[in-house]
1. So, of the residues in segment 70-103 that are surrounded by 14 or more Cβ atoms within 10 Å (Cβ to Cβ) and either without any contact (Cβ under 8 Å) to a residue 12 or more places away in the chain or within 18 Å of PRO47 (Cα to Cα) (or both), which turns out to be nearest to the chain's Cα centre (by Cα)?
2. Does at least one position in segment 38-48 carry a residue that is within 25 Å of ALA96 (Cα to Cα), surrounded by 14 or more Cβ atoms within 10 Å (Cβ to Cβ) and either more than 10 Å from the ligand (Cβ to nearest atom) or in the same structural domain as LYS75 (by TED's automatic domain parsing) (or both)?
3. Among what's in segment 8-31 and is near the ligand (Cβ under 10 Å from one of its atoms) and surrounded by 13 or more Cβ atoms within 10 Å (Cβ to Cβ), pick the residue that is farthest from VAL81 (Cα to Cα).
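The values are calculated or read from the model by the stated rules, or taken from the named source; none is laboratory data. Quick caveat, the model's predicted, so the values are computed rather than measured. Here the Cβ positions follow ideal geometry from the backbone for every residue, glycine too, while neighbour counts run over all protein chains shown.
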Amino acid sequence: MQRIELLCTRCPRGCLLRVTATGSRVAVEGNECPVGEKHGAEEALNPRRTVSTTVRIIGARLPRLPVRTSEPVLKNRVRDVVAALKNIAVEAPVKAGQVILKNVADTGVDIIAERDMERA
Ligand code: SF4
């Protein structure tokens, strides 16, 4: 049996969740709504994170383009995602939401631009 305590980050209320996991069964206490129950169960069984970082951009006024994963990836794959972006360079112009890299590190998740960047 595994017990963890964590803050629910799904809304500003920040409920303290107490999660008990026994095999694939999970019990969540301390949540004020069903969203927290789902969040606690995911964090215990299958934690995921959205990865936000920057990549090099060529031909823009700024040298780095902010990017993020289109969906959260498994927490234990975050390093692989960051490593896959280390040597990426994109060419301006770029539009917010544009896919920069498909299926990053074989996660099934894309990397997208977080903002527009015009050609300088
Ligand atoms: S459990 Fe519900 S009310 Fe509490 S922080 Fe999470 S989302 Fe907000």
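1. So the residue we want is PRO72.
2. Initial filter on segment 38-48 (within 25 Å of ALA96 (Cα to Cα)): 48.
Narrowing the set further to residues that are surrounded by 14 or more Cβ atoms within 10 Å (Cβ to Cβ) leaves 48.
Still in the list and also either more than 10 Å from the ligand (Cβ to nearest atom) or in the same structural domain as LYS75 (by TED's automatic domain parsing) (or both): 48.
Yes, segment 38-48 contains at least one residue that is within 25 Å of ALA96 (Cα to Cα), surrounded by 14 or more Cβ atoms within 10 Å (Cβ to Cβ) and either more than 10 Å from the ligand (Cβ to nearest atom) or in the same structural domain as LYS75 (by TED's automatic domain parsing) (or both).
3. Residue satisfying both the conditions and the ranking: GLY30.
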